[in-house]
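Report on the structure given below.
The values are calculated or read from the model by the stated rules, or taken from the named source; none is laboratory data. Bear in mind that the values here come from a model prediction, so they are computed numbers and not experimental data. Cβ atoms come from the backbone with ideal geometry, glycine included; neighbour counts cover every protein chain shown. Note: areas computed on protein heavy atoms with side chains; ligands, DNA, RNA excluded. Shrake-Rupley method; radii C 1.70, N 1.55, O 1.52, S 1.80 Å.
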Amino acid sequence: MNRFVKIGKAAQILGVSIQTLRRWESTGSLLPVKKTPGGTRYYDINNLFLIKNIDSDLTIAYARVSSHDQKKDLERQAETLASYCSAHGWQYEIIQDLGSGMNYYKKGLKRLLDMILERKIKRLVIAHKDRLLRFGSEVIFALCQARQIEVVIVNKGEESSFEEELAKDVLEIITVFSARLYGARSHKNKKLVEAARVLIGDDGIHT
């Protein structure tokens with residue numbers, strides 16, 4: 001049991017109050033590894049020292065759009081994030097990505113994941129939840145929680161461009177699977193992709 005310490009010792013190691021640790025527990029920011037029926041909390045001392053040794057106060061603001069014709073939107077998104085971080089007095093850096101929300105290999109996203117895994121940042125700020133990925137953002141949020149990295153979502157409502165980007169992502173899925181099924185140069189593939197383009201249209205999915 002030497003590896004684990006009670007809440008008082010944990011607070012002392014981190015240089016915070018017991019009330020702060022209880023607040024972090026209620027928000028899920030830092031959870032005890034064990035809690036007895038009587039309410040005694042135990043914390044992993046190795047994890048506590050790992051948290052304490054984080055010397056980076058860096059905030060990463062991540063901005064993304066799906067295509068080159070949205071570069072103006074990317075600039076506005078970056079400006080909004082910069083203003084938000086500045087207003088809070090955070091030391092920040094902006095990572096900008098250009099690529100589909102279905103693409104898990106974007107250069108900026110890979111760099112962000114490396115920084116999260118290596119605990120090089122204090123918080124992550126995004127304009128909308130799906131700026132990270134169309135599907136799978138929760139995995140990144142879970143990684144942040146495990147690394148004690150705060151996640152801030154500036155706008156929690158649905159984006160005005162949601163349908164347009166979703167349509168592009170759907171078209172990308174159809175294109176990839178059709179190419180694998182029929183071959184990229186086959187007539188069936190070209191016919192299916194063209195039909196999908198007509199159905200989706202330039203301004204979203206038509207019903």
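I'm checking my understanding of the structure. Among residues of segment 106-135 that are among the basic types (K, R), under 13 Å from the mean Cα position of the chain (by Cα) and closer than 21 Å to S29 by Cα, which one is modelled with the highest pLDDT? The residue in question is R123.
Taking segment 91-100 as the search range and keeping residues that are open to solvent by less than 80 Å² (accessible area, probe 1.4 Å) and within 14 Å of the chain's Cα centre (by Cα), which one is farthest from S137 (Cα to Cα)? Steps first, please.
Initial filter on segment 91-100 (open to solvent by less than 80 Å² (accessible area, probe 1.4 Å)): 93-95, 97-100.
Going one step further and asking which of them are within 14 Å of the chain's Cα centre (by Cα), we end up with 94-95, 97.
Details: I94: 18, I95: 16, D97: 15 Å.
Among those that are open to solvent by less than 80 Å² (accessible area, probe 1.4 Å) and within 14 Å of the chain's Cα centre (by Cα), it is I94.
Every test in (1) surrounded by fewer than 16 Cβ atoms within 10 Å (Cβ to Cβ); (2) in a loop (DSSP other than H, G, I, E, B); (3) more than 13 Å from the chain's Cα centre (by Cα); (4) not aliphatic (A, V, I, L, M) is passed by N103 save one, and that test is (1).
Of the residues contained in segment 90-108, one or more are found to be farther than 14 Å from A127 by Cβ and among the acidic types (D, E).
In this structure, does I18 turn out to be aliphatic (A, V, I, L, M) and more than 25 Å from A142 (Cβ to Cβ)? For I18, the condition - aliphatic (A, V, I, L, M) and more than 25 Å from A142 (Cβ to Cβ) - is met. When each of R119, R134 is tested for being in a loop (DSSP other than H, G, I, E, B), out of contact with any helix residue (DSSP H, G or I) (no Cβ under 7 Å at 6 or more places or on another chain) and either of a type in the set (A, V, I, L, M, F, W, C) or open to solvent by less than 40 Å² (accessible area, probe 1.4 Å) (or both), the lone residue that passes is R119. Residues in segment 21-38 that are part of a loop (DSSP other than H, G, I, E, B) and open to solvent by 30 Å² or more (accessible area, probe 1.4 Å) were compared, and the one that is modelled with the lowest pLDDT is S29.
Let me confirm something: among L192, L181, which residue is among the aliphatic types (A, V, I, L, M) and either surrounded by fewer than 17 Cβ atoms within 10 Å (Cβ to Cβ) or modelled with pLDDT under 60 (or both)? Among L192, L181, only L181 is among the aliphatic types (A, V, I, L, M) and either surrounded by fewer than 17 Cβ atoms within 10 Å (Cβ to Cβ) or modelled with pLDDT under 60 (or both). Checked against (1) of a type outside the set (S, T, N, Q); (2) within 22 Å of L21 (Cα to Cα); (3) part of a helix (DSSP H, G or I); (4) touching a residue at least 40 places away in the same chain (Cβ under 8 Å), F49 meets all criteria but (4). The set of residues in segment 81-90 that are more than 19 Å from L133 (Cα to Cα), assigned to a helix (DSSP H, G or I) and either open to solvent by 90 Å² or more (accessible area, probe 1.4 Å) or in contact (Cβ under 8 Å) with a residue 40 or more places away in the chain (or both) comprises Y84, C85.
Residues in segment 60-71 that are in contact with a strand residue (DSSP E or B) (Cβ under 9 Å, 6 or more places away or on another chain) and not aromatic (F, W, Y): I60, A61, A63, R64, V65, S66, S67, H68, Q70, K71. If the condition is being part of a loop (DSSP other than H, G, I, E, B) and either of a type in the set (G, A, S) or modelled with pLDDT of 90 or more (or both), then segment 3-18 contributes G15, S17.
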